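Working notes for the structure below.
The values are calculated or read from the model by the stated rules, or taken from the named source; none is laboratory data. Computed from a prediction, not measured in an experiment: that's the story for all the values here. Cβ sites come from the backbone with ideal geometry, for glycine too, and all protein chains shown count toward neighbours.
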Amino acid sequence: MKNLIRLIFSFSLIIGLISCERTLYSDSETVLARVGEKYLHISDISDNMSLSGNESDSIRMIKSMVDNWVRQELLLQRANTNLPDSLKDFSKQLESYKNNLIVYEYKKRLVAQNLDTKVSDSDIESYYASHQKEFELKENIIQFVYMKIHPYWYFINIRNFKIKEDVSPLNFERNKIENIILNKRKLQLLNNLDESIFQEASLQHQFEIY
């Protein structure tokens, strides 16, 4: 923090942003810029600072951050001046966004606590056997091993091959099937959650539909 304050003061002296009347501020409240009645202080940018060993590079980064803040505030103030109030009211969108975030975090926590993440070989084999159509190859594949026996000679042993539209080998699809099974379990868990909450609220007369 001391290095940051020293750099800020250096930067401020260079570009002349700190006037005599601003000396009433503490170090952490030193003013770096002003747009209208809005002020930018050291404390507003300190958390986003990543100081390098090179002082000139750090000053250049601070200058860039201040410049970006000024431009953004100028644009915001111009928008506030010129837009009608009806186009500046985002309360409904913000409320909806907040609600979606709360629900998302709740569901994520429930999934982390309750999802069965163990997928057995029999689960994978069963899914593979009953969904063969999903695993038709889009291109030819070859399984082989090779040995370099000379700078320009290779010994190649073809172990297996499948042509386009054949069913892909199980080992080739194992990870994909595991992810599919986990996603299906997750969706089922969330659907069960929605339904159980609805049924519980219905039994307790917590809502009415008119």
Matching residues in segment 17-35 (out of contact with any strand residue (DSSP E or B) (no Cβ under 9 Å at 6 or more places or on another chain) and at pLDDT 90 or above) number 1
Contact list, first residue from segment 185-210 and touching a residue at least 40 places away in the same chain (Cβ under 8 Å) and assigned by TED's automatic domain parsing to the domain that holds SER120, second anywhere and of a type outside the set (D, E, K, R) and assigned to a loop (DSSP other than H, G, I, E, B), beta-carbon distance below 8 Å, six or more apart or interchain, is ARG185/LEU115; LYS186/LEU115; LEU189/LEU115
| Right, ASN171: under 30 Å from ASP194 (Cβ atoms), assigned to a helix (DSSP H, G or I) and in the same structural domain as ASN191 (by TED's automatic domain parsing) or not? | no
Scanning segment 161-210 residue by residue, those surrounded by 14 or more Cβ atoms within 10 Å (Cβ to Cβ), within 34 Å of the chain's Cα centre (by Cα) and among the β-branched types (Val, Ile, Thr) turn out to be ILE177, ILE180, ILE181
For this session: Taking SER122 as the residue in question, decide whether it is surrounded by 10 or more Cβ atoms within 10 Å (Cβ to Cβ) and outside any loop (DSSP other than H, G, I, E, B).
Result: no
| query | Would it be correct to say that GLN93 is at pLDDT 80 or above, over 27 Å from the mean Cα position of the chain (by Cα) and over 30 Å from ARG185 (Cβ atoms)? | reply | no
In segment 158-179, anything over 16 Å from PHE144 (Cα atoms) and without any contact (Cβ under 8 Å) to a residue 24 or more places away in the chain is listed as ASN175, LYS176, ASN179
Within segment 116-153, restricting to residues that are among the hydrophobic types (A, V, I, L, M, F, W, C) and touching a helix residue (DSSP H, G or I) at 6+ places or on another chain (Cβ under 6 Å), the one that is modelled with the lowest pLDDT is PHE135
